[in-house]
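K.L.:
The structure is given below, and queries will be raised subsequently.
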Amino acid sequence: MVWNRQRKKILATLQVHAPDPRFFPRAAALMLGTAIGAMVFVPPVAPALAAAVTTPVIVAPAPVDAAEEQEHEIVVSGRHHGTPGDPLEKVNALSFSLTQHLDDAVTGPASRSYAKVVPKPIRSGLRNFFTNLREPVVAVNYLLQLKPGKAVETVGRFAINTTLGIAGTVDVAKRCPFNLPLRQNRFSDTLGFYGVKPGPFLYVPVAGPTTVRDVVGGMVDFFASPFVLGGPFRSRPYVIGSAVVRILDRRDQKEEILQTVRDSEDPYAVRRDLYLQRQRARVEALRDAPPPHSCRRKAMAAG
């Protein structure tokens, strides 16, 4: 109330005495009186106002049951659930599961029907035929790995099986007196031979397990094979038909391994580890390949 009366006096003075030369001394006196009044009446009230504004209000929490507190407790775990070399483990595991369902419904029954309907000699002949067609690519990879001896042996296998082996349907070259064993060699192996890491593991739906290095190497081999062979092997019917036959035959060959994987506690992890171990073994074999067994050694071992 004191502040309001003083403010009204100042406004009245401004309106009435503004033109008067004595306005400023009177206004100064009124302002001085207001200041004195503030000093007289405000200090007793100021501590209470300051306390009300600055003092926080502390509300005691309600008692919480120990069981309820434990239920709502937030636990931060520092465990790492990923697997080295498999950053996409969850996605790969899902792809593996989908592929397993597809295998149960389509690929598995089709491969078993293929094994029952097609006689074993014909299946073996087709397998040898398609394997023989890959020999030129194997030889080129040996040249890239600076292994001319094995490249020449691979070319010799290709020539012998193509002629004496009835277009490669019979693997004559692995027998005595030639003793030229089958060797698998791909561009992905060449990359690994020169120190290129496998990269992240991938489980491609339907296609199966692979790595980034194997994807790149497989594409190079796929596009190189028709150009090395040429002729009808570039045609779409051959590419599709040969792919179907090889998928069914490969699935039939892996029946026992796949069943072992299914019976394990963690099928996905077992399938992944088996694949990675096999790929490492291929590269290590290229770096330190054992000498081939000769016919004389076989005869001595048999005797």
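The values are calculated or read from the model by the stated rules, or taken from the named source; none is laboratory data. As the structure is a prediction and not an experimental result, all values here were calculated from the model. Note that each Cβ is placed from the backbone with ideal geometry, even for glycine, and that neighbours are counted across all protein chains shown. Just so you know, the surface numbers come from the protein's heavy atoms only, side chains and all, with ligands and any DNA or RNA stripped out. Shrake-Rupley method; radii C 1.70, N 1.55, O 1.52, S 1.80 Å.
K.L.:
Considering only region 153-186, state which residues are surrounded by 15 or more Cβ atoms within 10 Å (Cβ to Cβ) and assigned to a helix (DSSP H, G or I).
P.N.:
Once the filter is applied, which keeps residues that are surrounded by 15 or more Cβ atoms within 10 Å (Cβ to Cβ) and assigned to a helix (DSSP H, G or I), region 153-186 yields GLU153, THR154, VAL155, GLY156, ARG157, PHE158, ILE160, ASN161, THR162.
K.L.:
Can you name the residue in region 130-152 that is of a type in the set (A, V, I, L, M, F, W, C) and open to solvent by 50 Å² or more (accessible area, probe 1.4 Å) and is also nearest to GLY192 (Cα to Cα) among such residues? Step through it out loud before you land on a result.
P.N.:
Of region 130-152, the ones of a type in the set (A, V, I, L, M, F, W, C) are 130, 133, 137-140, 143-144, 146, 151-152.
Add one more test, that the residue is open to solvent by 50 Å² or more (accessible area, probe 1.4 Å), and what stays is 140, 143-144, 146, 152.
Working: VAL140: 15, LEU143: 15, LEU144: 12, LEU146: 14, VAL152: 22 Å.
Step by step, filter region 130-152, then rank; the result is LEU144.
K.L.:
Here's another thing I want to ask about it. Would you point out which residue out of VAL206, VAL196, VAL244 is outside any helix (DSSP H, G or I), more than 29 Å from ARG287 (Cα to Cα) and open to solvent by 50 Å² or more (accessible area, probe 1.4 Å)? Outline the logic, then answer.
P.N.:
On the way: VAL196 fails: more than 29 Å from ARG287 (Cα to Cα); VAL244 fails: outside any helix (DSSP H, G or I).
When all the criteria are applied, what remains is VAL206.
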